[in-house]
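Encoded as structure tokens, the structure appears first; notes follow it.
Rule-based calculations on the coordinates, nothing more; no lab input. What you see is a predicted model; the values in this text were computed from it and never measured. Neighbour counts are summed over all protein chains in view; Cβ atoms, including those assigned to glycine, are modelled from backbone coordinates with ideal geometry.
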Amino acid sequence: MPDRLLIMKLLKNNKLFLSLVLLGFFWACSDTPPEIIQYYTQPNLLRDETSGEVFHQFSVFLHLEDEDGTDDIESIFLIHDEEELFWELNSENWTTVTTDSETWIGSNGIAFPGGLAPAKGLFRIFVLDAAGERTVEELYIQPPEKSSKVAFPQLDIRDDGSLFIKSTGREHTLWYYDDSGSIVESHKTSDRNVPVPKSADRISQVYVYSYSDENGCGVISGPYQLPGS
């Protein structure tokens, strides 16, 4: 499973460490904690084009407000108590999206070890700012069923570097990553023919995303290699 779409901060079977982390949140000052205005979650299925295997992933994005501004947000912890797992998002690995003048912070790559779906999709999410103030919310993500009927988009990379999307979906997003696994740019399109990205010299791998109404989840395929990468 491609590591570049995973959150690296993941621990299992370490109850003491996890307890200390959570206890630290409750000790923190909470006079003016950051506020979760809205949150968006979505289950995804990823087909690894190298192995042909299909894995579960989740998208989680938060619309946040903080008294000192959203730049003051330091960390977001997503915790699954039953599996004794947590993921940490910070400025080094989260994705920031601005839409309709609203800033959303999160990731499209929350994944469980082995790419399996959790038995229960109940999570707790903690948002911590630079002053140690925090807020917590519970959320539920219903994982989709893996099925041989899932239609994944595919990417045909031509000799000139241009891209052609083979898919039954109407709209797609291409995610471009560099060698370190950081996202370089993304491109949303309803066209099948996609030009060579301007930052092609920095791009190592490409993933293509679409939403499947039939399966009620996002469908992703990759990684694809650009010529010369």
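Taking 8 Å as the Cα distance limit and 6 or more residues as the minimum spacing, I'd like the relative contact order of the range 154-225 as a percentage.
Working: 132 pairs, mean separation 21.7, N = 72.
Relative CO of the range 154-225 lands at 30 percent.
Taken as Cα centroids, the range 89-141 and the range 161-229 sit 22 Å apart, rounded to the nearest whole angstrom.
Simple spin-label estimate for D201 and T95 gives 2.6 nm between the two label positions (7 Å along the Cα-to-Cβ direction from each Cα). Would you mind calculating the gained length between E83 and V150 on full extension (0.36 nm times residue separation, minus the Cα-Cα distance), in nm to one decimal? Stretched fully, the E83-V150 segment lengthens by 21.4 nm. Pairwise Cα separations in the range 154-225 fall into 10 Å bins from 0 onward with the following percentages, short to long: 20, 56, 22, 3. Model label points for N193 and L122, set 7 angstrom from Cα along the Cα-to-Cβ axis, are 5.3 nm apart.
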